[in-house]
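Colleague: Quick one: this structure, given as structure tokens, is what I'll be asking you about.
The values are calculated or read from the model by the stated rules, or taken from the named source; none is laboratory data. Predicted model, so just to flag it, every value in this text is computed and none were measured. Please note: Cβ atoms are built from the backbone with ideal geometry, for glycine as well, and neighbour counts cover all protein chains shown. For the accessible areas, the whole protein counts, side chains as well, though only heavy atoms, and no ligand, DNA or RNA atoms are used. Shrake-Rupley method; radii C 1.70, N 1.55, O 1.52, S 1.80 Å.
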Amino acid sequence: GPAGFYTAQHILKHHGGALVDIYEKLPVPFGLVRFGVAPDHPEVKNVINTFTQTARSERCAYYGNVTVGRDVMVPELQQAYHAVVLSYGAEDSRVLGIPGENLPGVYSARAFVGWYNGLPENRDLKPDLSCETALILGHGNVALDIARILLSPLQLLRKTDITDSSLAALACSKVKRVWLVGRRGPLQVAFTIKELREMINLPGARAVLDPADFTGLENAVKDAPRPRKRLTELMIKTALDKPVEVEEGAAAPRVWGLKFQRSPQEVLPSADGRRARGVRMALTRLEGSGDSAKAIPTGDVEELECGLVLSSIGYRSLPRDPAVPFDSQHGVIPNSSGRVEGVPGLYCSGWVKRGPTGVIITTMNDSFDTAQSVLEDLQRGVLDISPSREGFGVVESILRSRGVRPVSFSDWEKIDAAEVARGKAAGKPREKIVDPAEMLRIIGH
């Protein structure tokens, strides 16, 4: 993903003799740029061009279809390389920890995004979109992405690289109301103004914000940092805007809205107990102000009817190898500037280093920071480079002994060409292949 590619890019650029090998679990590269960025945000995916340049460098090699922690262990990599950087991100979701969250009709944002973006592990999700009201728990950009995908006119989505099967499911979707619920208030939302504006301007959809939620906030944000101030002003303006009159006979517009100071207590089952029919929420009051404000339940509750519940409360990293220290409470590898605590020569970058927050540019700076630590350690003699290390030569025999065949970057380029060709036939930038077995067939593996 981005953390791995940016770390590699920085090392290759600032050290003329370094050789970098990149290992990836899937046959296809780019991680969340491919599987996390919304299909209707193609401009964000332009970083793939930079990553491709890095992978094509004669001092860089890509080995896909290799799971570190299963096909090859971290200590084995440490035997083969002078330095090892773990950049595997956050591959799990935070759980709500409430009754009913495992009912049919409840999905994690990560799985839902993976489904419409063609992440192989989520290709069989088959979310039930037969209800009219969806509830998204969370006030971040991922929550807005999901709301936008649920409510976007199909003709907009047809021109994107959204998967064929999710497009077919969205074409039959009955969802026409989407509520985004957060435990805290308007001053604590985590989404950014660009995403909010895009949602407000979505054709055929109307924003429903309660003016009462914004009383007195204009004064409260007077001295706030400019991004927070502009974001709050846009919400206030939207709340006060008069709804546009709908012409006689015109299709009723889809609606979406933000609900604040509500904390989910239970997903309520339908009468037969077989699926979700709503969410009971505790109303909260805020203690403290700004980003550190805490949501405290008031004792009052409210029920919201909905047949689809999407939990967008964050991703979390998992430990991949018992040899690597891991802080389960914070879901990160304990480190200092990317240097893994107590394990010289082992580093980490990206979400597994600092937690699942920030956009691609945040990850870029973070990865450059880790790469810099590697280069400094090299310069200061902390990394022992006197024994020559075989790198992939050693790993290749380990993988062969375990029946694992890696995928090269030129193999990926064949898969890429096949996807682009299929997309062209459908008038899309690409049609993603969602089955790893099919990817391997294309390259004759």
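Colleague: Would you work out the relative contact order for the chain, in percent, from Cα pairs under 8 angstrom that are 6 or more residues apart?
Modeller: The value is 25 percent.
Colleague: Grab the Cα-Cα distance for residue 389 and residue 156, subtract it from 0.36 nm times how many residues apart they are, and report the gain in nm with one decimal.
Modeller: Full extension from residue 389 to residue 156 adds 78.8 nm.
Colleague: Let me ask you something else. With axes computed from alpha carbons, what is the tilt in degrees of helix 226-240 against the longest principal axis of the chain, rounded to the nearest 10 within 0 to 90?
Modeller: Tilt of helix 226-240: around 30 degrees.
Colleague: While we're here: Could you name the lysines in cross-link range of residue 222, using Cα to Cα under 19 Å and dropping any fewer than eight places away on the same chain?
Modeller: Cross-link targets: 237.
Colleague: How much length would be gained if the chain were fully extended between residue 222 and residue 164, taking 0.36 nm per residue of separation minus their Cα-Cα distance, in nm to one decimal? Intermediate results must be reported in sequence, preceding the final value.
Modeller: Working: separation 58, 0.36 × 58 = 20.88 nm, distance 4.64 nm.
Length difference between fully extended and current span is 16.2 nm.
Colleague: Sticking with this one: For segment 92-315, what is the relative contact order in percent, using Cα pairs closer than 8 Å and at least 6 residues apart in sequence?
Modeller: Details: 421 pairs, mean separation 70.3, N = 224.
Normalised by residue count, the contact order of segment 92-315 is 31 percent.
Colleague: Where does helix 409-425 land angle-wise versus the long Cα axis of the chain, in degrees 0 to 90, nearest 10?
Modeller: Result, in degrees: 30.
Colleague: A further question follows. Can you list residues from other chains, or at least 5 along the same chain, whose modelled amide H is less than 5 Å from the amide H of residue 347?
Modeller: Amide H neighbours of residue 347: 84, 85, 86, 340.
Colleague: For the chain, find the longest principal axis of its Cα atoms and tell me its angle to the long axis of helix 360-379, 0 to 90°, nearest 10.
Modeller: The helix 360-379 is inclined about 20 degrees to the chain.
Colleague: Still on this structure, I have one more. Taking the alpha-carbon distance from residue 428 and a cut-off under 17 Å, which aspartates and glutamates remain once sequence neighbours fewer than 8 residues away in the same chain are dropped?
Modeller: Within the straight-line cut-off, residue 428 pairs with 40, 43, 161, 164, 416, 419.
Colleague: Please quote Rg/Rh for segment 92-315 to two decimal places, taking the Kirkwood radius as Rh and restricting both calculations to Cα atoms.
Modeller: Details: Rg = 17.5 Å, Rh = 18.3 Å.
Radius of gyration over Kirkwood radius for segment 92-315 works out to 0.96.
Colleague: Using a simple spin-label model with points 7 Å from Cα along the Cα→Cβ vector, what separation in nm is obtained for residue 237 and residue 70?
Modeller: So the label points at residue 237 and residue 70 sit 4.9 nm apart.
Colleague: Moving on to the next point. Roll a 1.4 angstrom probe over the protein heavy atoms and tell me the percent of accessible area of the chain that is carbon or sulfur. Intermediate results must be reported in sequence, preceding the final value.
Modeller: Details: 10870 of 21110 Å².
About 51 percent, which is the carbon plus sulfur part of the accessible surface.
Colleague: For residue 305, project a label point 7 Å along Cα to C-beta. Then give me every residue of segment 104-139 with its amide nitrogen under 19 Å of that point.
Modeller: Residues 105-106, 129-136 qualify, since their backbone N sits under 19 Å from the label point.
Colleague: Sort the following peptides by mean Cβ neighbour count (other Cβ atoms within 10 Å, averaged over residues), highest first: 95-104, 380-389, 54-63.
Modeller: 54-63, 95-104, 380-389
Colleague: OK, next. Determine the order of 292, 397, 87 by accessible area, beginning with the largest, at a probe radius of 1.4 Å.
Modeller: The residues order as 292, 397, 87, largest area first.
Colleague: Also: Which of (i) 63, 55, 39; (ii) 79, 67, 46; (iii) 74, 52, 42 is the computed Cα extents along the principal axes in Å for the structure on display?
Modeller: Computed from these coordinates, Cα extents along the principal axes in Å corresponds to label (iii).
Colleague: 7 Å from Cα along Cα→Cβ at both residue 365 and residue 41: what's the point-to-point distance in nm?
Modeller: 1.7 nm
Colleague: Counting only heavy atoms of the protein chains, get the accessible area per residue of segment 92-315 (1.4 Å probe) and round it to a whole Å² value.
Modeller: With all protein chains present, segment 92-315 gives 49 Å² per residue.
Colleague: If the limit is 27 Å between Cα atoms, which of 25/45; 13/45; 174/424; 159/194 go over it?
Modeller: In this structure, 174/424 exceed 27 Å between Cα atoms.
Colleague: List residues of segment 255-285, by number, whose backbone nitrogen lies under 14 Å from a label position 7 Å along Cα→C-beta of residue 294.
Modeller: Under 14 Å, as judged by backbone N against the label point of residue 294, lie 285 of segment 255-285.
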